[in-house]
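The values are calculated or read from the model by the stated rules, or taken from the named source; none is laboratory data. This one's a predicted model, so the numbers in the text were calculated from it and none came from an experiment. Cβ coordinates were reconstructed from backbone atoms using ideal geometry, including for glycine residues, and neighbour counts include every protein chain displayed.
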Amino acid sequence: MKLWSLTCLFLMAWVWRAHPVQTFNRAASPWAASIVTLEISCKQYRQYQPWDTRVQGTQKFGIVIGEREILTTAANMSDLTLVRVQKDGRGKWWEGEVAWIDYCANLALVSVKPAEFWKGLKPVRFGLLRKSETPLQVLRWRDGNLESRRAEFTQFTVREGQLSEIQHVQILCEAEIGGVAGGEPLVADSHCVGLLIGQGGRTFFVMPPSFIQSILEARRKGQYRGLGYFHFYWHRSRNPESLAHLKLPGEPRGVIVTDVPQRPDAVPEVLKPMDVILRIDGFPIDIDGDYPDPEFGNLMLENLATRGKWAGDRFQMEMWRDGMLTNVSYVLPKYDYANGLVPIATYDQEPEYLIVGGLVFQPLTQPYLESWGADWRKNAPFRLNYYRKQPPTAARPKLVLLSQVLPDSYNIGYHEYRGLVLDQVNGQVIARLADLQQALQKPLNGFHLLQFMPGESLQRIVIAAGAEESEATSRVLKNYGIREPSRLASPHPVAGR
């Protein structure tokens with residue numbers, strides 16, 4: 001009996017250590033006055049049926065940071081229909097409004113109008129996370145109580161954000177915590193040292209206060225122009241033969257520029273392939289592409305583009321070019337989801353489509369590819385994924401594809417084709433649905449000639465124009481319960497507002 005009791009005590013201790021959870025009532029923790037729950041309702045679209053719109057609700061968290069300001073992440077807030085806010089982990093829900101949001105930075109500010117809501121709430125104090133910090137905690141409301149999960153610091157790193165390809169510094173921690181919703185604070189003693197933005201298994205990713213505060217402060221001063229990025233590719237200089245070939249004197253250092261794509265803006269390019277970048281903004285760059293960050297230690301150079309810098313800002317770069325030292329002034333281009341041939345996101349914008357006699361046309365976007373599931377990079381058709389790595393051109397800045405065919409007597413013989421990228425329609429190059437709409441106004445001898453990109457399984461389609469086309473489109477809309485034959489978006493919205 002004694003052995004059984006000891007065994008039970010051992011198991012209980014092991015469970016407590018593996019799952020260190022504490023809950024506090026409101027009076028027990030001052031953090032209860034700074035953390036709120038957000039209930040988000042947003043439109044959800046089925047990319048394969050873009051005319052189908054539903055509303056989906058999610059919950060996440062936010063922290064009070066100032067007068068009538070709640071900070072949270074921008075994730076799951078696109079196409080917002082309603083946001084409600086609850087304090088104290090229970091009780092009344094208050095209608096909120098998004099005061100500002102920037103999807104690239106993954107930050108949003110929410111406010112609540114009634115003054116009564118703000119009674120008893122207190123702004124958090126931000127602080128720096130130090131590796132020797134006292135035990136870290138992740139806090140959130142759960143079943144009316146403030147839940148605390150012990151966390152362990154892993155490292156500072158530079159990785160892509162949750163909603164963009166922009167690489168910036170993040171904190172990696174480990175904890176036994178599931179279902180990170182976003183916006184949960186990471187705290188140490190009386191300071192907030194980060195905001196949770198995602199997780200992978202036991203590891204979760206945290207946005208540090210210095211990144212958050214620099215953006216919010218620039219916004220308050222009217223200086224925030226959106227995030228920029230380094231629009232060039234580089235390679236580590238670990239192989240001494242590479243630097244020797246370029247005749248760089250002294251100790252190995254710097255990184256080698258390998259490719260300089262055409263910029264998305266009108267600013268002249270100042271970099272060239274085979275440049276060796278030695279310093280950026282005064283920071284020395286080592287052979288691994290790292291620089292010594294005063295706050296975080298050695299970090300990848302990509303972080304310098306977001307270290308208190310915004311789109312349009314200039315960097316002084318020292319480099320080794322053609323056997324001599326030179327300095328250039330590099331202007332940060334603005335990150336825009338629509339810059340690529342295949343846009344990686346279409347936030348706050350309904351998916352576009354155009355139906356012609358049952359043939360469904362859509363822009364090729366990453367959200368469309370993501371309809372193949374979590375492993376879409378492998379499961380989506382290879383030829384469509386291929387275009388993600390191709391640069392846009394003046395003649396073809398975007399792509400349109402025949403996504404599917406809704407069977408009808410008008411399109412008989414073509415109903416099994418899908419996922420084909422358009423090249424031309426009636427002799428006109430197609431880059432956007434607006435191009436397609438214009439081309440359909442100019443049939444060739446009473447027919448539409450649709451031509452697809454080289455390599456597609458089908459090279460052309462010929463369908464009747466005029467009354468037969470119009471009748472088929474009306475019939476398809478009625479048979480499949482679709483209200484409108486098309487939805488063409490206005491120019492894409494900005495990432496922050």
Go through 159, 140 for me and flag whichever is outside the structural domain of residue 299 (by TED's automatic domain parsing), basic (Lys, Arg) and over 30 Å from residue 340 (Cβ atoms). 140
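For every residue, the table says whether it meets (1) surrounded by 15 or more Cβ atoms within 10 Å (Cβ to Cβ); (2) among the charged types (D, E, K, R); (3) more than 30 Å from residue 334 (Cβ to Cβ); (4) touching a Cys at 6+ places or on another chain (Cβ under 8 Å).
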position: 392; (1), (2), (3), (4): yes, no, no, no
position: 411; (1), (2), (3), (4): yes, no, yes, no
position: 417; (1), (2), (3), (4): yes, no, yes, no
position: 436; (1), (2), (3), (4): yes, no, no, no
position: 446; (1), (2), (3), (4): no, no, yes, no
position: 462; (1), (2), (3), (4): no, no, yes, no
position: 475; (1), (2), (3), (4): yes, yes, yes, no
Checking the conditions here, which among 111, 148 is of a type in the set (S, T, N, Q), farther than 30 Å from residue 291 by Cα and modelled with pLDDT of 95 or more? 111
Can you list the strands (runs of 3 or more DSSP E) found entirely within the stretch 114-180 that contain at least 2 residues being surrounded by fewer than 21 Cβ atoms within 10 Å (Cβ to Cβ) and among the acidic types (Asp, Glu)? 145-160
Is at least one residue of the stretch 273-280 closer than 18 Å to residue 167 by Cα and out of contact with any Gly (no Cβ under 9 Å at 6 or more places or on another chain)? yes
Hey, could you check the stretch 78-98 for residues that are part of a loop (DSSP other than H, G, I, E, B) and over 14 Å from residue 37 (Cα atoms) and say which is farthest from the chain's Cα centre (by Cα)? 79
On the basis of being of a type in the set (Asp, Glu) and under 28 Å from the mean Cα position of the chain (by Cα), does residue 275 make the cut? no
So, residue 101, is that one under 18 Å from the mean Cα position of the chain (by Cα), buried (at least 21 other Cβ atoms within 10 Å of the Cβ) and in contact (Cβ under 8 Å) with a residue 24 or more places away in the chain or not? yes
3 or more residues within 21 Å of residue 464 (Cα to Cα), among the hydrophobic types (A, V, I, L, M, F, W, C) and touching a residue at least 24 places away in the same chain (Cβ under 8 Å): qualifying helices (runs of 4 or more DSSP H) within the stretch 367-446: 433-439
At pLDDT below 95, touching a strand residue (DSSP E or B) at 6+ places or on another chain (Cβ under 9 Å) and buried (at least 19 other Cβ atoms within 10 Å of the Cβ) - does that describe any residue in the stretch 344-352? yes
Residues of the stretch 51-71 being among the basic types (Lys, Arg) and more than 25 Å from residue 353 (Cβ to Cβ), in sequence order, are 60, 68
Considering only the stretch 203-259, state which residues are within 30 Å of residue 123 (Cβ to Cβ), in contact (Cβ under 8 Å) with a residue 60 or more places away in the chain and hydroxyl-bearing (Ser, Thr, Tyr). 210, 214, 224
Residues being assigned to a strand (DSSP E or B) and small (Gly, Ala, Ser) - total across the stretch 33-61: 2
Quick one: in the stretch 181-216, of everything that is in a loop (DSSP other than H, G, I, E, B) and surrounded by fewer than 23 Cβ atoms within 10 Å (Cβ to Cβ), which residue is nearest to the chain's Cα centre (by Cα)? 181
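Can you confirm whether residue 206 is of a type in the set (A, V, I, L, M, F, W, C) and not assigned by TED's automatic domain parsing to the domain that holds residue 128?
In short, no.
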